[in-house]
1. Using protein chains only and a probe of 1.4 angstrom, how many square angstrom of LEU110 are accessible, to the nearest 10?
2. Angle check, please: helix 60-70 long axis (alpha carbons) against the longest principal axis of the chain (alpha carbons), in degrees 0 to 90, nearest 10.
3. To the nearest 10 degrees, how steep is helix 27-39 against the longest Cα principal axis of the chain, on a 0 to 90 scale?
4. Dipole of the chain, Cα-centred, from +1 at each Lys and Arg C-beta and -1 at each Asp and Glu C-beta, to the nearest 20 debye?
5. Of all DSSP beta bridges in the chain, what percent run antiparallel (nearest 5)?
6. Under a 1.4 Å probe, what is the accessible area of segment 63-197 per residue, stated in Å²?
7. Below 24 Å, Cα to Cα, which lysines can LYS52 reach? Residues fewer than 8 away in the same chain don't count.
8. Can you give the accessible area of THR207, probe radius 1.4 Å, in Å² rounded to 10?
Amino acid sequence: MSEFKIARPGLIVFDMDGVLVNVHASYRETIRATVQHFTGLEVEHSFVQEYKNRGGFNNDWKLSQQICSDLGHTVEYSDVVEIFQRLFLGDDRTPGLIQKEIWLPTPGTLEALAKQSKLAVFTGRLQFEANLTLDRFQATHLFLPVVGEDNVTKPKPDPEGLLSAIAAHGNPSTIYLGDTLDDACAAKAANVPFVGIVSLTLEGRSTVVESLTANGAIAILPDINHLAGIFQ
Ligand SMILES: [Mg+2]
């Protein structure tokens, strides 16, 4: 653990995927399944990760459409959304991949943080999808507000959602936790210190660490259970 310390903020805003939730088998798998549906091709997780690392692909529908296009298949956006949502949320016959999400905070971690700071979420998910997951892991009561993609006019890397979460608490000192370049850029644009979460097992980890650091990350942690360690 580094010796780097910061004052405990009044508000901690969390990105969701890759920070609170491991989405390797849920969202990431849905991207792969959607691409396979339209192109017949199976892409590797690392191939998807490369797009995420580049930034600009916080929206998984847009990302799935772009990958299909890069593989030579032009697909209507609305068709991508329909298939993606069916695979992710499931239907009457098949359970969705959302069921495969893994909650990352260890028991008591968020509750301990919530004793000293307010907690909020700013995610690229639709708000109801964020709430589905928070409900499933009994964490809804810990976060206010939960700002989703449909609660903002401009998605990440625009800071609008982050700024609205901060304003909802009367502009306290704040940090933002995220795992992608778009998260870092949103924090930078909001003039909020950014802490990067980069799993020790992520493929291409050093590239992500470098890019988050170059875009203003004040610390990089392997997972959010290490967060309390950077507070004075
Ligand atoms: Mg994320």
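1. Approximately 10 Å² of LEU110 is accessible to the 1.4 Å probe.
2. On a 0 to 90 degree scale, this one is about 50.
3. Orientation of helix 27-39: about 20 degrees from the principal axis.
4. Details: 18 positive and 28 negative charges, 148 e Å.
Here the size comes out at about 720 debye.
5. Details: 3 of 22 bridges.
Taking every DSSP beta bridge within the chain, about 15 percent pair in antiparallel fashion.
6. Numbers: 6430 Å² over 135 residues.
Roughly 48 Å² per residue, with all protein chains present.
7. LYS62, LYS100, LYS154, LYS156, LYS188
8. 80 Å²
The values are calculated or read from the model by the stated rules, or taken from the named source; none is laboratory data. Here the structure is a predicted model, which means the values were calculated and not measured. A quick note on method: Cβ atoms are made from the backbone with ideal geometry, for glycine too, and the neighbour counts reach across all protein chains shown. We work out accessible area using only protein heavy atoms, side chains counted, and drop any ligands, DNA or RNA first. Shrake-Rupley method; radii C 1.70, N 1.55, O 1.52, S 1.80 Å.
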